[in-house]
Amino acid sequence: MVMVLARANKSVRVFDHIVSALADGQQPDLEVLAQVGYILRTTAVYGNGKFGIYDFKPLDHSEDFNQSFRAQMCAVYLLREFSLDWVDFLAKKKGGSKAVALHPEIKRYLGIGNATGLGMAPYLINHPCVVDQWLTTREEAVQATLVCDIEAEKAAYFSSLLARAIQHFTEIVTINEQQDQLNATVVTELSALQSTLMTTIEDYTIWAEFLQAHNHLSFESQEVIISCLMELYPERVDSFQEKVNADENLTLPKGKVIQDLLDVLEARYQWAITIDFNEPENSYWFWYRSVDKEEPRMGVRGQEPGDDRELSLDIARQAKNLYWHYSKPIHSSSYLSLC
């Protein structure tokens, strides 16, 4: 029974450096590792029946894999573990008795990379019920922590988590200038917060008050704070991991007419209706599926082939077309039933 089909490739620079160092009896240079952070990066992790592999529904009764993406994340974890065993094995083969194993702390430091993550964009669009369930469950978990009284022991642990987060954002390497600036802002804001935390924390009774008092910080910093707060109360938060599944069966309520649809579009999709898609900058990108890789890709309209096979991920354009198609005066047909 195949539940997940995954593939990966290696960071040649990190891979070769680790194997060579271990074979010579040395640990690898942490500065080199920090530039990448992994040995292997996934290029695809397929599940849920794709390519004929095992479907998700029959896993309902599996304690290990009955929640969304558990099987896929298990496969990713195994790839990471394999990469660590792999370099140890090859170093031993290359260096013989002189070789050493990768230090356990370095093994803990190394993660698993991801090639693009482009596949998540179509997934988020095509599975709104799942996304809603994830966000709802997460907000419920956050709320479960915000009502807790602030205790000295928890505050001290929170401070240590902030310190770890600051170090993490300091060490992140990215070629994206915007993200680099956001990371720098997080470091600046959280460093200022952490430096006075143990004295200013006394001004608040519960964590909700503390979070509200810091809503002027960047969204990134606020999200780090929330993540750290949830780490303080595993006994309150962990149970929510069993609530991330969603029923994706959609039904249209009886009695709905086309005018109801138009009302929704006018109320919620003005941002799309008002876009002029004749302007090149508003139609620059298009999504298509690669025949070779069987994966979603982005192309530049008019410059790259494939827009004749565009995937239906252009939500704004579709919403606008839907609105204008059904808002045309066509006698009483605009009140036809949708059922």
**Study point:** If the convex hull is drawn through the Cα atoms of the stretch 1-157, its volume per residue in Å³
**Key:** 187
Point to revise | Label-point separation, residue 118 to residue 44 (7 Å along Cα→Cβ), nm | key: 1.3
**Study point:** the stretch 149-232 - convex hull of alpha carbons, volume per residue in Å³
**Key:** 80
Practice item. Give me the aspartates and glutamates in straight-line cross-link reach of residue 254: C-alpha distance below 20 Å, same-chain residues under 8 apart excluded. Key: 263
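Just add up the charged neighbours of residue 84: K/R +1, D/E -1, any other residue whose Cβ is under 14 Å from the Cβ of residue 84.
Taking every other residue near residue 84 into account, the sum is +1.
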**Study point:** Net charge over other residues, Cβ less than 11 angstrom from the Cβ of residue 140 (K, R count +1; D, E count -1)
**Key:** +2
Check your understanding: Magnitude of the Cβ-charge dipole of the stretch 258-335, K/R +1 and D/E -1, about the Cα centre, nearest 20 debye?
Key -> 140
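For the chain, which longest stretch is free of loop sites, where a loop site is one of the GluC sites (Glu not before Pro) that DSSP puts outside H, G, I, E and B and that has at most 16 other Cβ atoms within 10 Å? Walk me through the intermediate numbers first.
Details: sites that count: 63, 151, 248, 294, 310.
For GluC sites (Glu not before Pro) (loop position, at most 16 other Cβ atoms within 10 Å), the longest site-free span of the chain is 152-247.
Counting pairs of alpha carbon atoms under 8 Å apart in space and at least six apart in sequence, what relative contact order in percent does the chain give? Don't skip to the answer; put the middle values down first.
On the way: 384 pairs, mean separation 53.1, N = 339.
Once divided by the residue count of the chain, the mean separation gives 16 percent.
Given Cα positions, please report Rg to Rh for the chain, the hydrodynamic radius being the Kirkwood one.
Numbers: Rg = 25.2 Å, Rh = 24.6 Å.
Rg/Rh: 1.02.
Coordinate-derived values only; no laboratory data. In this text the structure is predicted, and so the values were computed from the model without any measurement. Methodologically, a virtual Cβ is constructed for each residue, glycine included, from the backbone with ideal geometry; neighbour enumeration extends over all protein chains shown.
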